[in-house]
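**Q** Mind looking over this structure? Questions follow.
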Amino acid sequence: MQNIGKDTQIYTEMLEKFLQTNDEKYLMKAKVMSSSFVNRNIFPEEIVRIHMKAMDSIYGETAGEYKQSLQFLLESLIAYRVANSKFEQLNTERLELKSEIQVAANMQKTLLKTEIPTYKTLDIGAISVPYRQLNGDYYHFTEGEDGILNFGIADVIGKGVPAALSMSMIKYAMDIFYDESMCPPTVLRNLNHIVERNVTANIFITMLFGQYNLATNVFKFASAGHEPGFIYRKETDRYEEMEAKGIVLGVVKKAQYEEYTLEIEVGDSIILLTDGVTECKRGDRFITKQELIEVIQKFSHLSAQKQVESVYNYFKQMEDFQLKDDFTLLIIKRFV
């Protein structure tokens, strides 16, 4: 630090004149001097030392107790600066990490992006809202040349970066290893093998994979421990919970999966979701499945895309609403 001796002399003169006259112009000069200390990176404890020297010059030994109190303040400021320096370092690292996670989240949106197909006979809507910046849910649609619509919905049991990385792996495994000749149980068996070999033991992935035949309107699917969805039957005006059992991906090396078949009639809907939908909270209680069905029904007159968005917005706008996990909802309606 430069010119501390000169600073001490100027400070002493200003302090002495202020004590003699109580003129506020010396307070203003002191403020200007303090601003210059900031620019010159002079720390608060050094200012206390300058003040102590000024008091020595003005009062000599008569200010003993007062100088002791300043020594106490000096030690406190030194400890404060050390702690503040560590805090600023941690805050800088936090902001850098937040920025990196935002970049990763933007990349994830690009990598996991899937186009929702359009058909004359089906109306499809999808929404996926991450609990935090990175999404541990995933859905995808692919169109086969044989008139088959393939779609899947998955959820990593966990949050944050590990969940996001695992979901990206699922997406690219589907892109590389999926073959149109595969039935839903075969797709899940292959994915289970990949997850079991490449994901740590404390991360599990649930998934439902289905194939919709556009010619016969038959829906075939298999589940790896995924949250069961619903089938809306127009004929009875009722929502039926889908029966779908199967062990989550990555737990058992040679897991087997069962295929289920449903015929979808005109006016029926397939509703698929992740447990983040059923685990939404209102205050201190979870939203019930019956409440969820009632909200889905409330917006059933809308297009599938507007319906899923309206369901999410309905819960989001409720008082005391809490999103506890990633929220993903798919609705597929047959209208012809």
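The values are calculated or read from the model by the stated rules, or taken from the named source; none is laboratory data. All of these numbers come straight from a predicted model, not from anything done at the bench. FYI the Cβ positions are ideal-geometry reconstructions off the backbone, even for glycines, and counts take in every protein chain you see. Ligands, DNA and RNA are stripped out before the accessible areas are found, and what is left, the full protein with its side chains, is counted by its heavy atoms. Shrake-Rupley method; radii C 1.70, N 1.55, O 1.52, S 1.80 Å.
**Q** Need the full-extension length gain, residue 284 to residue 202, defined as separation in residues times 0.36 nm minus the C-alpha distance. One decimal, nm.
**A** Computed gain between residue 284 and residue 202 is 26.7 nm.
**Q** If each of residue 99 and residue 182 carries a label point 7 Å out from its Cα toward its Cβ, how far apart are those two points in nm?
**A** 4.0 nm
**Q** Just the accessible area per residue of the chain, please: how many Å² with a 1.4 Å probe?
**A** 56 Å²
**Q** State, to one decimal in nm, how far the label point of residue 291 lies from the label point of residue 24, with both points 7 Å from Cα in the Cβ direction.
**A** 5.8 nm
**Q** Over the chain, what percent of the accessible surface lies on carbon and sulfur atoms, probe 1.4 Å?
**A** Exposed carbon and sulfur together represent 52 percent of the surface.
**Q** Separate question: Counting only complete DSSP H runs, which helices of the chain cover 15 Å or more along their long axis at the Cα atoms and score a mean Kyte-Doolittle of 0.0 or above?
**A** Membrane-span-like by this criterion, though nothing is claimed about a membrane: 160-177.
**Q** Now for a different question. Please list 260, 172 in order of solvent-accessible area, largest first, computed with a 1.4 Å probe with all protein chains present.
**A** Ranking 260, 172 by accessible area, largest first, yields 172, 260.
**Q** Additional query: Assuming 0.36 nm per residue, please report the length gained on full extension of the stretch residue 120 to residue 57 beyond their Cα-Cα distance.
**A** Computed gain between residue 120 and residue 57 is 13.4 nm.
**Q** Moving to a separate point now. On the full set of protein chains, 1.4 Å probe, figure out the accessible area of residue 303 and give it in Å² to the nearest 10.
**A** 50 Å²
**Q** Let me ask something else about it. Kirkwood-based Rg over Rh for the stretch 118-165 (C-alpha set), two decimals?
**A** Using only Cα positions, Rg/Rh for the stretch 118-165 is 1.10.
**Q** Please report, in cubic angstrom per residue, the volume enclosed by the convex hull of the alpha-carbon atoms of the chain.
**A** 219 Å³
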